[in-house]
Each structure stands twice: as C-alpha cells, then as structure tokens.
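Everything below concerns the one structure shown next.
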C-alpha cells in the first residue's frame, strides 16, 4: 500500500479550540477544507458546487450531512475529481451545504475561507493517519 503525506495547517479558533485544514484541488482550483474526524461524511460548500455543477444538482430533502456544522437543505452532486495531495478521487458523490457562516467566522480570525469538510468516509476509505506533532495527514491507496 502506497502512502501519501499531505501537510496540514493548524488554526486556532479562539474559544472554539483548534481546526486542522488541508489543501485540496477541486474544479482545477486550490481550496482549504476542514479535516473533521467527527463528521460521518465529507461535504462541500453549496456555492462552490452551484458555481461549477449547476446543471447536474439534485436537491435532497433528507439531511444526510452529519457534521458539526448545521444545515437546512442539502444538495447532492458528483465532483469529477477531488485531489488531496497526490490522491485523486474520481466522480466523488458528495453532499453540498451552506458553509458561508463558517467561512465568515474563519475570516474574522484571519483564516482562509473554507470550501468543505473532509469527513469519515474519505478518512476511513484511505486509512487516514493524522500526526498532530508533524502536522501531516497520511492517506493510503
């Protein structure tokens, strides 16, 4: 099994503790996402998905995005490619939620905007190992 080592960015959210960010590439653009081991699945920001995939969206009545961020409506979409380090995930079936309030909070503290959350589905599938000391994420193909 080949491992891929990806650098992480640790940010301090004042009273809310710390978040780990990882840089990914979707729609041929770099974005920061939160690494969330408590999220059952990965989600992406609704505005990012709408901007690139407006013709192929499916609005879902079910809330199947269980993360620490709440949402009212979810959108289902397929992202052609999600790149995390050198790992390429093709045709990733995702759920999109509104992450605007999270991005606003991050901006207030001088952090980059957030385009998504990498959760348990990807972390489990690629046997993720998080090293807080070295601030790295290891994924296995």
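The set of residues in the range 1-60 being buried (at least 18 other Cβ atoms within 10 Å of the Cβ) and without any contact (Cβ under 8 Å) to a residue 60 or more places away in the chain consists of 19, 46, 49, 53. Residues that are closer than 19 Å to residue 37 by Cα, at pLDDT below 85 and in contact with a strand residue (DSSP E or B) (Cβ under 7 Å, 6 or more places away or on another chain) within the range 70-96 comprise just one, 71.
Within the range 97-118, the set of residues being under 13 Å from residue 34 (Cα atoms) and within 13 Å of the chain's Cα centre (by Cα) comprises 99, 102, 103, 113, 114, 115, 116, 117, 118. Among the residues of the range 119-141, are any under 13 Å from the mean Cα position of the chain (by Cα), assigned to a strand (DSSP E or B), at pLDDT 90 or above and surrounded by 14 or more Cβ atoms within 10 Å (Cβ to Cβ)? No, every residue in the range 119-141 fails to be under 13 Å from the mean Cα position of the chain (by Cα), assigned to a strand (DSSP E or B), at pLDDT 90 or above and surrounded by 14 or more Cβ atoms within 10 Å (Cβ to Cβ).
The values are calculated or read from the model by the stated rules, or taken from the named source; none is laboratory data. Every value quoted in this text rests on a predicted model; they were computed, and no experiment measured them. Every residue, glycine as well, gets a Cβ built from its backbone with ideal geometry; the counts of neighbours run over all protein chains shown.
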